[in-house]
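Bear in mind these aren't lab numbers, they're just calculated from the coordinates by the rules spelled out. Note that this is a predicted model, so its numbers are computed, not measured. A quick note on method: Cβ atoms are made from the backbone with ideal geometry, for glycine too, and the neighbour counts reach across all protein chains shown.
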Amino acid sequence: MKKDALNDIMDAFARECRELGLKVTYQRMEIFRVAVSTDEHPDAVTVHKRVKKRIPTISLDTVYRNLKLLAAHGLLAVVGTSGEHLRFDANRGPHHHFACVKCGMIRDFTSEVLAALPLPQEVRHLGVPLSQHLEVKGICAACEKKEGTKKKASRQKRNA
C-alpha cells in the first residue's frame, strides 16, 4: 500500500474514532495500521508481533482488547469460524473471502456476479439484511501446488 493512501486511511480512521467517542491513542493507531496494511486477515498474536516492533512494551491483552473494541464499533470485521482464532479484516468495502482449509489463509475477492445476485425471500423473512458476504472454502493454489509436488514425488518413488 502506498504511503499517501495509508496516511489517508489513517486520517479517516482517527476521524471515525473521534466521531464514535473513542480515544485516538498511539497504540490504537498502530494496531489499526497493522490490520489495514495487510490482506492476511491477521489474528491478535500476529498483530501483536508486528506492533511490538514499534511499541516494544505493548501487551497482547492490549492488542486483543483494541481489536475487539474496533470490531464492536464496525472499524474492523471479525473473520473466521468458531474454533478458530479470531482474525480481523480492515476491508470494510463489499467483498467475499476465500479460505484455505489446509493452511488457514484467507483472501478477499470481489465478484460482479455475486454482487448482482438478489437475496432470497427466505432471508428477508428473517429480518432486514444490512450486507451479504460469501465465504468460499477450498485449497489455495500454494497448498494445491505443494500437494501436487508431494504426490508427484511419491509416484516417482513407487516407480523407481
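What to note about this one:
- Shape call, the range 46-116: gyration tensor on alpha carbons, a/c limit 1.5: prolate
- Here the Karplus relation 6.51 cos²θ - 1.76 cosθ + 1.60, evaluated at θ = phi - 60°, turns the backbone of the range 5-12 into coupling constants of 5, 5, 4, 4, 5, 5, 4, 5 Hz, with x for every Gly and Pro.
- Amide proton proximity set for HIS41, modelled H, under 5 Å, gap of 5+: none
- The fewest-to-most ranking of VAL101, VAL24 by surrounding Cβ atoms within 10 Å reads VAL101, VAL24.
- Pairs of alpha carbons in the range 3-84 separated by more than 16 Å make up 49% of all such pairs.
- For the range 19-72 and the range 97-117, distance of Cα centres in Å: 24
- Sorting GLU30, GLU40 by the number of Cβ atoms found within 10 Å of their own Cβ, with the fewest placed first, yields GLU40, GLU30.
- For the chain, the longest principal axis of the alpha carbon atoms and the long axis of helix 141-159 meet at an angle near 20°.
- Gain in span if fully extended, ARG65 to ALA116, counting 0.36 nm per residue against the direct Cα distance: 14.7 nm
- Rel. contact order, % - alpha carbon contacts under 8 angstrom, at least six apart, the chain: 17
- Cα gyration tensor category, rounded, prolate or oblate, for the chain with a/c compared to 1.5: oblate
- Nearest-ten-degree value, helix 60-72 long axis tilted from longest Cα axis of the chain: 80
- Nearest-ten-degree value, helix 26-36 long axis tilted from longest Cα axis of the chain: 30
- Proxy reagent accessibility, fewest Cβ within 10 Å first, across LEU134, LEU22: LEU134, LEU22
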